[in-house]
Amino acid sequence: MAKQTYENGLFITFEGPEGSGKTTQMQLIADRLREQEYEVVTTREPGGTPLGEAVRHLLLTFRDEDILPEAELLLFSAARVQHVRKVILPVLKRGGIVLCDRFIDSTTAYQGYARGLDLNVIDDMNAFAVCGRFPDLTIVLDLSVEDGIRRLSGRYQGQQVDDRFESAGHTFHSCVREGFLDIARKHPGRVRVVDANRPVELVQADLWWEIYHALN
Ligand code: Z5A
């Protein structure tokens, strides 16, 4: 059977605080869409290209000196341009669906709301990096900082956390969560907030409802 396509593709991003279930939910949505014969590409940020994965490693683990917030912003944005031009736009151009685990709203929430960089500068940088193609739909999976930490603690089983973001403090992660909720208030047409503090199947049902409407 021929793949179902869209004239301009469909670009959906998954955002939210750490441990909110983005990866789990995105994979379930991808399986469901593929069952319906859509062309689906799943990807992530930072990452998605060899350059992006190298920048990801640097951003998550570099400890030789502090990375300044401005340098952090530029590194995320450099990886994004490569990702958008080499991976995302070609799929959308041929009518496919791109599902992306984190994208521009993570930059606004982490480098803007949590690191304190000027939100106008971040908006400009995001607009530059997406090369004119913003997401059609963004799902924010909302979860408290405490619940996110609890979910991820099983992953480390008492070992020291090496990730520069996951090891940041409670205040930092509260600012991130508030940032995502504020972004959703500012962009009600594109961004939907889903309560992630429920069983996987219930969260999935809400997500599917949003995606079904984006498809039709
Ligand atoms: N970052 C940035 O600062 N600026 C940017 O522009 C971008 C990113 C793009 C990348 O981290 C870091 O980069 C990120 C922001 C920053 N840092 N943080 N923190 P990452 O990609 O490695 O980490 P993450 O995006 O936060 O993913 P995660 O920690 O793996 O969480 P997740 O994908 O949201 O959740 P999950 O892996 O699907 O689930 C986590 C656990 O919870 C797992 O054991 C699941 O089985 C469990 N889970 C999932 N759903 C449920 C439900 N409903 N109930 C119970 N348990 C569940």
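The values are calculated or read from the model by the stated rules, or taken from the named source; none is laboratory data. This is a predicted model, so every value here is computed, not measured. Please note: Cβ atoms are built from the backbone with ideal geometry, for glycine as well, and neighbour counts cover all protein chains shown.
Checking the stated criteria, residue 91 turns out not to satisfy the condition of being in a strand (DSSP E or B), more than 27 Å from residue 145 (Cα to Cα) and either in contact with a Lys or Arg (Cβ under 7 Å, 6 or more places away or on another chain) or at pLDDT 95 or above (or both). Among the residues making up the range 172-193, a single one is of a type in the set (A, V, I, L, M, F, W, C), within 11 Å of the ligand (Cβ to nearest atom) and over 14 Å from the mean Cα position of the chain (by Cα): 172.
Rundown of residues vs (1) of a type in the set (Ser, Thr, Tyr); (2) in contact (Cβ under 8 Å) with a residue 24 or more places away in the chain; (3) crowded, with 22+ Cβ neighbours inside 10 Å, yes/no style:
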position: 17; (1), (2), (3): no, yes, yes
position: 23; (1), (2), (3): yes, yes, no
position: 36; (1), (2), (3): no, yes, no
position: 39; (1), (2), (3): no, yes, no
position: 91; (1), (2), (3): no, yes, no
position: 94; (1), (2), (3): no, yes, no
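Considering (1) out of contact with any helix residue (DSSP H, G or I) (no Cβ under 7 Å at 6 or more places or on another chain); (2) without any contact (Cβ under 8 Å) to a residue 40 or more places away in the chain; (3) under 22 Å from residue 73 (Cα atoms), the lone condition that residue 119 does not fulfil carries the number (1).
Let's see how each residue does on (1) more than 17 Å from the chain's Cα centre (by Cα); (2) of a type in the set (A, V, I, L, M, F, W, C); (3) closer than 25 Å to residue 58 by Cα; (4) within 11 Å of the ligand (Cβ to nearest atom):
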position	(1), (2), (3), (4)
79	no, yes, yes, yes
82	no, no, yes, no
95	yes, no, no, no
105	no, no, yes, yes
114	no, yes, yes, yes
122	no, yes, yes, yes
126	no, no, yes, yes
132	yes, no, no, no
149	yes, yes, yes, yes
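Say whether the condition of being outside any helix (DSSP H, G or I) and under 24 Å from residue 128 (Cβ atoms) is met by at least one residue in the range 21-32. Checked the range 21-32: no residue is outside any helix (DSSP H, G or I) and under 24 Å from residue 128 (Cβ atoms). Out of 52, 16, one residue alone is on the phi > 0 side of the Ramachandran plot and not hydrophobic (A, V, I, L, M, F, W, C). It is 16. Filtered by the rule that a residue be surrounded by fewer than 19 Cβ atoms within 10 Å (Cβ to Cβ) and of a type in the set (D, E, K, R), the range 172-186 gives 178, 182, 185, 186.
Taking the stated definitions as given, is residue 47 touching a Lys or Arg at 6+ places or on another chain (Cβ under 8 Å), without any contact (Cβ under 8 Å) to a residue 60 or more places away in the chain, more than 18 Å from residue 148 (Cβ to Cβ) and surrounded by 17 or more Cβ atoms within 10 Å (Cβ to Cβ)? Lay out the reasoning, then the answer.
Numbers: touching a Lys or Arg at 6+ places or on another chain (Cβ under 8 Å): yes; without any contact (Cβ under 8 Å) to a residue 60 or more places away in the chain: yes; more than 18 Å from residue 148 (Cβ to Cβ): yes; surrounded by 17 or more Cβ atoms within 10 Å (Cβ to Cβ): yes.
Criteria met by residue 47.
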